[in-house]
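Inspection log for the structure reproduced underneath, given as structure tokens.
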Amino acid sequence: MLLPGRSLSMSKVILNLKNERVQLQLCCSLFMAALVLVFPVTFYVSHQLTAEDVSRPKEDQSYLERAQKMDEKFLDQFNYFLAEGKNLSYVIERQEQAQKVMARSNDPSYRIGLALELLNQSFSAESPETEILNAAIAAIGCKYMFDLEKFIVRYMESVSKRSENIERLEKILKSAEEEYGNLVRTAKNKEQLESLWSSFKATHTPGIDKHCLQPYPDASKLLKLFDTALFFASECRAPYRKAYWTEGDCETVIAWSYLFVVCIVFGALFYLWACRNRQNK
């Protein structure tokens, strides 16, 4: 049972809510609260969508494994941006910066040197682990994949200069094979490394599906595959696992969120104004 005093206070609240000035103040308060809340919420969501974990594990092998997973993610993002016609340089710059921060080194060969060091240690112990072999191949392949991504960006801007593009592509392939040669020079299980290397190249060539890279082609044939995959609706175009957001996409969402809130508030104000005119009539 409500007490008389409490019932009276509730009636005053209801009467106040019917007052137009109170309604206007309430709408303005809700409008300001919505603006204050929308910004941090959308900022947090955008940060979660675009942020990368660049913390380095204490153990070197764990670091190499995390760097390899990061490469996988950025390759998938590159293929998505390529398919959607978005800014590929954005992906390359983020990948380069993230790997440098995680490695705590600006030396592009740091990761390769560390992988070779761990691999030589495992060879001397006569018990090379498969994880270390994969990490070593991924370290060499990362540079190869990164060079191919840069090549694709330049190639799409200068597709008419075919001879120059073949020369650049040949240099990239030659450099990767030289790095791989340094890896297998002292290795005992060359067949296993060759299998891992061939598989890595087929699955980590940006823009081209692995099924079109068996066996792995030379520079001239690879350039023809790029022509087919990049400029035509071809089965050789590399698929992607998911869609990715950029900071620009998140800024667009924030802008639309604010616009939505503004429309809701002004709609409420217009409704109050319409009700007032109806009562005056």
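The values are calculated or read from the model by the stated rules, or taken from the named source; none is laboratory data. What you see is a predicted model; the values in this text were computed from it and never measured. As a convention, Cβ positions derive from the backbone with ideal geometry for all residues, glycine included, and neighbour counts pool all protein chains shown.
Quick check on the range 165-181. Is at least one of its residues more than 15 Å from residue 222 (Cα to Cα), aromatic (Phe, Trp, Tyr) and in a helix (DSSP H, G or I)? Yes, that holds for at least one residue.
On the stretch given as the range 229-253, residues that are surrounded by fewer than 16 Cβ atoms within 10 Å (Cβ to Cβ) and modelled with pLDDT of 85 or more total 3. Summed over the range 178-226, residues that are loosely packed, with under 15 Cβ neighbours inside 10 Å, touching a residue at least 40 places away in the same chain (Cβ under 8 Å), closer than 18 Å to residue 149 by Cα and of a type outside the set (Ser, Thr, Tyr) total 1.
Taken over the range 182-206, the criterion of being under 26 Å from residue 77 (Cβ atoms) and not in a helix (DSSP H, G or I) is satisfied by 204, 205, 206.
Of all residues in the range 88-113, those that are closer than 16 Å to residue 69 by Cα and of a type outside the set (A, V, I, L, M, F, W, C) total 7.
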